[in-house]
Each structure stands twice: as structure tokens, then as C-alpha cells.
Amino acid sequence: AEADHNNVWLMSDQGRLLAASRGLDRLEQQLEDQGFFRVHRRFLVNLNRIREVEQGFKGALFLHTDTRTHESIPVARRHVADVRLALDLQAHG
């Protein structure tokens, strides 16, 4: 899910859909028990749909999904440690 002002867009196997919920915070509360995880102020991801984790510059992380469009989602620095734990990734270095 990606927040764009008050609209929330869902990337799914059917393409990009406008969510009924307004605001990512509300959607996060509704989906947190379903394997969704807040990785950025603008992004909420389904951890079960992550196919690749890319290590970026200065410890940055990017998540790549297994959707048709293979979304690349940035992980905010303040969420990197939590995402690593959620995906059971070991820190390197």
C-alpha cells in the first residue's frame, strides 16, 4: 500500500486499486494481523509478498515484491532494524 496524500493505493495481482480506507495509519491498524508491516511513512507492505531484499547505500534497504509489476519499496532508516527482524535477516558488518 502506498499513501498519496489522503488516498491509499494498493498494489495487487489485479493491478493498482484505490483503498476504501483513507490514510495509511488506519489501513495499518486493519492489516497488522495479516502480515502487513509499515516500512516507511508512505508504504505498508505484505511481508509474505517480498521476493528480494536489496542492500542500498549507507545501510538503506529496498524491498522487491513478487507482484506483476515487481514494486521496489524503500525502507525508512528508522524501520530498517524492525524490517530485518520481521524478515529474520541478520545484519551484516
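The values are calculated or read from the model by the stated rules, or taken from the named source; none is laboratory data. Because the structure is a prediction, the values reported are computed rather than measured. Methodologically, a virtual Cβ is constructed for each residue, glycine included, from the backbone with ideal geometry; neighbour enumeration extends over all protein chains shown. Ligands, DNA and RNA are excluded from the accessible area calculation, which covers all protein heavy atoms including side chains. Shrake-Rupley method; radii C 1.70, N 1.55, O 1.52, S 1.80 Å.
Structure values in brief
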| read-out | value |
| --- | --- |
| Counted residues, region 44-60 - those being assigned to a helix (DSSP H, G or I), closer than 24 Å to Ser12 by Cα and out of contact with any Asp or Glu (no Cβ under 6 Å at 6 or more places or on another chain) | 2 |
| Subset of region 64-81 that is charged (D, E, K, R) and under 26 Å from Arg16 (Cβ atoms) - its residue that is modelled with the lowest pLDDT | Arg68 |
| Residue check, Asn48 polar (S, T, N, Q), within 14 Å of the chain's Cα centre (by Cα) and open to solvent by 40 Å² or more (accessible area, probe 1.4 Å) | yes |
| Complete set of residues in region 66-93 that are open to solvent by 20 Å² or more (accessible area, probe 1.4 Å) and of a type in the set (Ser, Thr, Tyr) | Thr69, Ser72 |
| Elements of type strands (runs of 3 or more DSSP E) contained in region 1-43, each with 1 or more residues being within 17 Å of Val75 (Cα to Cα) | 2-4, 7-12, 36-40 |
| Scan of region 6-16 for residues that are exposed (fewer than 10 other Cβ atoms within 10 Å of the Cβ) and farther than 14 Å from Arg26 by Cα, ordered by number | Asp13, Gln14 |
| Among (1) part of a strand (DSSP E or B); (2) buried (at least 17 other Cβ atoms within 10 Å of the Cβ); (3) in contact with a Leu (Cβ under 7 Å, 6 or more places away or on another chain) - the single one Leu63 does not satisfy | (3) |
